[in-house]
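I have placed the structure first, in the form of structure tokens, so that the comments after it can refer back to it.
The values are calculated or read from the model by the stated rules, or taken from the named source; none is laboratory data. Just so you know, these numbers come straight off a predicted model, no measurement behind them. Cβ sites come from the backbone with ideal geometry, for glycine too, and all protein chains shown count toward neighbours. Areas reflect the complete protein model, heavy atoms only, side chains present, ligands, DNA and RNA absent. Shrake-Rupley method; radii C 1.70, N 1.55, O 1.52, S 1.80 Å.
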Amino acid sequence: MILSGKAKVAGVIGWPVGHSRSPRLHGWWLEQHGIDGAYIPLAVPREGLEAAVRALPALGLRGANVTVPHKEAVLRLVDRLDPVAARIGAVNTLVVAEDGALEGRNTDAEGFLNNLRDGAPGWRSAAGPAVVIGAGGAARAVVAALADAGVPEIRLVNRTPEKAETLACALGGPVHVVPWFGRGGALAEAALLVNTTTLGMAGQPLLDLDLAHLPPSAVVTDIVYTPLETPLLAVARARGNPVVDGLGMLLHQAVPGFEAWFGVRPAVTPELRAFVLAA
Ligand code: ATR
């Protein structure tokens, strides 16, 4: 795409940012919709974050995604914070408003839920308890999404129980902290199992979790998408559980940002998945 002088520009702020698939993902949508616009990687170290964020409106950019390690730090740099981002305690999407103000949003919860609904259309929030493994930044978005969707009970399991307690206190809702050693038993009667840790990612240790107590109808999803089928998803699929991979969360969380910057609500399609995966 050859840009005009009126091109709309957005990007992704991270450090490092070279591994990010977002430029490829947004670039595909820009191409598909024939938009006079660009989405660029913005490699910004911690010490440069404030200047970079302030530069977005100054340079006339439409906004940006924010990724590791800046999602929490960027919170205090925005002019307006949406309630979801405030609740989760992290911003993944910056939008420069008409009046030049910088808005901080978080679309990870929405992305998680839309991916789950897309990949497991039979899942109902009221169907039963959800078990969430992990209590880091990703878990905050997942727990907030599930609580807001009306899941009756969220069993939160983390190696370090204090972090799970802190998350449960911060988010409220029907969250019960389960000790790490009790994670296998916590799967009884569950309707959903979510891994939000990096365990099972290529190069990381496996998630040591016995699925024996998990009902065969329970949906199993992993936010890890390298590999696309994590060892957890492979075991779950082999025993007949519906499974949803983590790539869709990345794709779905990108939709609201693209719409805000470029004015078109894009679709998550199998072609997009294949294109992003082929990187
Ligand atoms: P993110 O913000 O991407 O979720 P994070 O804040 O570093 O990342 O959180 C990583 C999660 O993976 C945490 O829940 C962490 O457990 P602790 O709170 O006990 O550190 C979990 N995790 C990482 N390595 C783990 C391991 N070897 N065993 C169990 N849990 C692990």
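Things to note:
- The amide H of V175, built 1.01 Å from its N in the peptide plane, has I154 as neighbours under 5 Å, considering only residues 5 or more places off or on other chains.
- Inter-centroid distance (Cα atoms) of the stretch 58-72 relative to the stretch 116-131, Å: 31
- Note on the stretch 1-157: Cα-only Rg and Dmax are 17.2, 53 Å.
- Note on D79 and A274: with the Förster distance fixed at 51 Å, the Cβ-Cβ geometry gives a FRET efficiency of about 0.85.
- 1.4 Å probe accessible area per residue over the chain, in Å²: 44
- Sulfur and carbon atoms: percent of accessible area, the stretch 123-241 [1.4 Å]: 57
- For K71, a cut-off of 12 angstrom between C-alpha atoms picks up these aspartates and glutamates, skipping any fewer than 8 places away in its own chain: D108.
- Counting every C-alpha pair in the chain, the share spaced more than 22 angstrom apart comes to 57%.
- Couplings 3J(HN,Hα) of the stretch 164-176, computed from phi: 5, 5, 4, 5, 4, 5, 5, 8, x, x, x, 9, 10 Hz, in residue order, whole Hz [Karplus 6.51 cos²θ - 1.76 cosθ + 1.60, θ = phi - 60°; x for Gly and Pro].
- The stretch 150-207 and the stretch 219-265 have Cα centres spaced 18 Å apart.
- Sequence-distant residues sharing a close amide H with K8 (under 5 Å, placed H): G37, A38
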